[in-house]
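> Got a structure here, written out as structure tokens. Questions coming.
Bear in mind that the values in this text are calculations on the coordinates, not laboratory data. Just so it is clear, the model here is predicted, and its values are computed rather than measured. Here the Cβ positions follow ideal geometry from the backbone for every residue, glycine too, while neighbour counts run over all protein chains shown.
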Amino acid sequence: MKKYQKIMITAATVLTLGTTMAGCSAAKEDDTPKATQQTQTDLDKKKVIADIEMTPKKFTYKQDDTFNEKGKELTVIPMHIANKTKSEFGIGAGDFHLETTDGKKIQTFGYHDSFGDVIPAGKALDGNAYFAIPKNGKDYTLVYHPANAAKEQTLKWEIGAPKK
């Protein structure tokens, strides 16, 4: 009987120590973000206003050797706009602007293939919006707000900094 008790006590001790050691030696999760992780943005997120769906695809620098605005860089945002209404809808790159983190507005930069058109009912438009932003700019917000629209007719996307 004593031999059986010794075996049970030894087995219980080994099991307890094994469980304790496994629990204490579990890999610690690292809560610090990795330097290689990109910040979360609203790029590729569809937003809707009055049955018009708008999606900025990406935010990148545009290489153009003829662009020579001092202290600025040319950027491009490809847009996808779908008209889900029963009537045509007019829209252009000029209906958008960028906002900096300190609240400054950057209007679109006129470029030969900036989008602007009347989208028939049930159809979509893909086009580019260009912006001349300060060199070494930080994070930006893309804002849709047509010139004659009410203040509440605004969509915003947090798009971060442009990618090379």
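> Which residues in the range 80-97 place their backbone N less than 20 Å from a point set 7 Å from the Cα of Ala121 along the Cα-to-Cβ direction?
Of the residues in the range 80-97, 81-91 have backbone N under 20 Å from the label point off Ala121.
> Near Lys86, which aspartates and glutamates are there with a Cα under 15 Å away, not counting those fewer than 8 places off in the same chain?
Within the straight-line limit of under 15 Å, Lys86 reaches these aspartates and glutamates: Asp51, Glu53.
> Select from His80, Tyr61, Phe96 the residue farthest towards the positive end of the dipole of the range 56-97; place +1 on Cβ of Lys and Arg, -1 on Cβ of Asp and Glu, and compute about the Cα centre.
In the range 56-97, that residue is His80.
> Something else now. Tell me, what ³J(HN,Hα) does each residue in the range 73-79 have, in order and in whole Hz, if you take phi through Karplus 6.51 cos²θ - 1.76 cosθ + 1.60 with θ = phi - 60° and put x for Gly and Pro?
For the range 73-79, the Karplus curve yields 10, 8, 10, 9, 10, x, 10 Hz.
> Can you tell me which of 156-164, 66-74 comes out highest on packing, and rank the rest after it, using the mean Cβ neighbours within 10 Å?
156-164, 66-74
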